[in-house]
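Asker: Handing you this structure, nothing more for now.
The values are calculated or read from the model by the stated rules, or taken from the named source; none is laboratory data. Here the structure is a predicted model, which means the values were calculated and not measured. All Cβ positions, glycine included, derive from the backbone under ideal geometry; neighbour counts span all protein chains shown.
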Amino acid sequence: MMRATMGAAALLLAGCATMGGSDPRASAKLEATRGNTAAGSVEFIQRGDKVVVTANVTGLKPGAEHGFHVHEKGDCSSGDGMSAGGHFNPGGHPHGPLSAPHHEGDLPALKADAAGVAKATFTIEGVTVAAGARSVVGRGLIVHKDPDDYKTQPTGNSGARIACAVIQAG
């Protein structure tokens, strides 16, 4: 009887260890590029073949829309965000809206409220948080000054890079 109880307890503990928190996660701490004030945090959680992204960004132009992209290089050393390279695009797609073929790094725009704060949660496809060629981990994350037009190639004409982060596992 004691052995059965211990076995049941071990199974319960193993089950609890896999609940809530077993999904691969990554995060990014956005910091303002030179001369800008945008900053914030972004979390990426793998849910099956999709990634849930939650962003909280401050220091934006009140009421404005801002382009938001994963970039190919996890490098914010240049001071202007240009060291992050171009949009993350392992599939070789054109830049575009999420409703059509697009760079895997194309994200929905951030819309700042009257206080210059943008809070957003959305789901993206075509990327992972887990290791692999489509992983966002180790990539750059950029907030742009202007809205993305989702048609100009290859960047969406979204202007200067006002905040930069490196996406890190965990």
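Asker: Among the residues of region 135-158, write down those that are within 20 Å of ALA28 (Cβ to Cβ) and more than 13 Å from the chain's Cα centre (by Cα).
Answerer: Residues satisfying the conditions are HIS144, LYS145, ASP148, THR155, GLY156, SER158.
Asker: Of these, ALA163, ALA115, which one is over 26 Å from ASP49 (Cα atoms), assigned to a loop (DSSP other than H, G, I, E, B) and modelled with pLDDT of 95 or more?
Answerer: After applying the criteria, what remains is ALA115.
Asker: Any residue in region 81-108 that's farther than 18 Å from CYS164 by Cβ: show its pairings with residues that are assigned to a loop (DSSP other than H, G, I, E, B) and of a type in the set (A, V, I, L, M, F, W, C) at Cβ separation under 6 Å, as long as the two are six or more apart or on different chains.
Answerer: Close Cβ pairs satisfying both conditions: PRO90/ALA133; GLU104/PHE88; GLU104/VAL127.
Asker: Further question: Working only within region 83-112, note down all residues that are in contact with a strand residue (DSSP E or B) (Cβ under 7 Å, 6 or more places away or on another chain) and either of a type in the set (A, V, I, L, M) or assigned to a strand (DSSP E or B) (or both).
Answerer: Within region 83-112, ALA84, HIS87, LEU98, ASP106, LEU107, ALA109, LEU110, LYS111, ALA112 meet the criteria.
Asker: Using the structure shown, decide if ALA120 is crowded, with 20+ Cβ neighbours inside 10 Å and over 17 Å from GLY48 (Cα atoms).
Answerer: no
Asker: Which residue pairs have Cβ atoms closer than 7 Å, lie 6 or more positions apart in sequence or on different chains, and pair a first residue in region 42-65 that is in contact (Cβ under 8 Å) with a residue 40 or more places away in the chain and over 14 Å from LEU107 (Cα atoms) with a second residue that is surrounded by 16 or more Cβ atoms within 10 Å (Cβ to Cβ) and hydroxyl-bearing (Ser, Thr, Tyr)?
Answerer: Note: pairs meeting the criteria are GLN46/THR128.
Residue-by-condition table, conditions (1) modelled with pLDDT of 95 or more; (2) buried (at least 17 other Cβ atoms within 10 Å of the Cβ); (3) under 21 Å from ALA133 (Cβ atoms); (4) of a type in the set (Lys, Arg):
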{"residue": "ALA4", "(1), (2), (3), (4)": "no, no, no, no"}
{"residue": "GLY7", "(1), (2), (3), (4)": "no, no, no, no"}
{"residue": "SER22", "(1), (2), (3), (4)": "no, no, no, no"}
{"residue": "LYS61", "(1), (2), (3), (4)": "yes, no, no, yes"}
{"residue": "HIS102", "(1), (2), (3), (4)": "no, yes, yes, no"}
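Asker: Checking the conditions here, which among LYS151, LYS73 is touching a residue at least 40 places away in the same chain (Cβ under 8 Å), of a type in the set (Lys, Arg), part of a loop (DSSP other than H, G, I, E, B) and surrounded by 15 or more Cβ atoms within 10 Å (Cβ to Cβ)?
Answerer: Details: LYS151 fails: surrounded by 15 or more Cβ atoms within 10 Å (Cβ to Cβ).
Just one listed residue meets the conditions, LYS73.
Asker: From the list VAL117, VAL57, which one is closer than 14 Å to VAL42 by Cα and more than 16 Å from the chain's Cα centre (by Cα)?
Answerer: Only one candidate passes the filter, namely VAL117.
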